[in-house]
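The values are calculated or read from the model by the stated rules, or taken from the named source; none is laboratory data. All of these numbers come straight from a predicted model, not from anything done at the bench. A quick note on method: Cβ atoms are made from the backbone with ideal geometry, for glycine too, and the neighbour counts reach across all protein chains shown.
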Amino acid sequence: MKTVITNYTILILALLLSVNLSNAQDFQGKAYYASKTTMDMSRFTGGRQMTEQQKKDMKERMRKWLERTYILTFNKEESMYKEDEVLEGPGGRGPSMWGSSFSPGPQYKNVKTKTFIQDQEFFGKKFLIKEEMQPIEWVMGTETKQIGKYTCFKATATRVSTEINWSRRRGRGNSEAEKPKDSTKTEVTNTENKTTKENSEAPEMVEIVAWYTPMIPINQGPADFWGLPGLILEVSAGNTTILCSKIIMNPEEKTEIDVPTKGEVVTKKEYNEIITEKMQQMRDSRGRSRGRR
């Protein structure tokens, strides 16, 4: 009987909180997140052997790119997820053009209109990555854990990755002199090439584990994650984990959530193709430079 009463009380409190949020015309919150991405450093060495000190130095340089803090400003319908601009101490260096070009820019979401817009800069050129928000097919779980003072529930999903796969490179065709003369070998080679191409073109899937809290009943979250009956406080997708460290509800000083409007409008797929093409040009340029030495 006591358990029933306790559960009933929690349900009533959650409903009251939900009603209060829905009636608050100026409702706003801020959630602070730490994002950490792991990456195989060998992808950036071009096959070169490195000393332990060189590896350590590279990891330190990459850490500023792969470990970042963000602020999610949200209301009932909109949110803006952008990097926290922290001033570095004496001798510190601000974000390089390389780092800012490959880090996600401010991301705007409107869960009512299903609008996603990312304000992105790539080597000095402005882009607006604009798409309709696609629903994430969440599988709701019963497992819970505490994040700060918030009780969170687990949800999982699988979806096609929207990130660039840096391990893939555009293939180069063989010259006539390199083609096998034997017809049997040619057939085998063509079959192998077809299989390799099909595998390379197959969409990469990513597993997602999220923890959300019904104590803040809005279906927002960091980055492009959304669609759960509560604010997402932690999410792991692929090699990236995002964890909320602090939440401020209804701050005294409100932050305007502005819709990004400047830049060339592209889809996420089109933007990734632009980046991939640019990176291939840079690789080709470095290859030609080495060949002239």
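Data overview
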{"read-out": "Count of residues meeting criterion [of a type in the set (S, T, N, Q) and more than 28 Å from M279 (Cα to Cα)] in region 108-133", "value": "3"}
{"read-out": "Count of residues meeting criterion [within 15 Å of the chain's Cα centre (by Cα) and among the acidic types (D, E)] in region 54-83", "value": "2"}
{"read-out": "Strands (runs of 3 or more DSSP E) fully within region 197-278 counting 2 or more residues that are free of Cβ contacts under 8 Å to residues at least 40 places away in the same chain", "value": "231-237"}
{"read-out": "Unmet requirement for V188, which otherwise passes all of (1) surrounded by 11 or more Cβ atoms within 10 Å (Cβ to Cβ); (2) of a type in the set (A, V, I, L, M); (3) within 26 Å of the chain's Cα centre (by Cα); (4) at pLDDT below 95", "value": "(3)"}
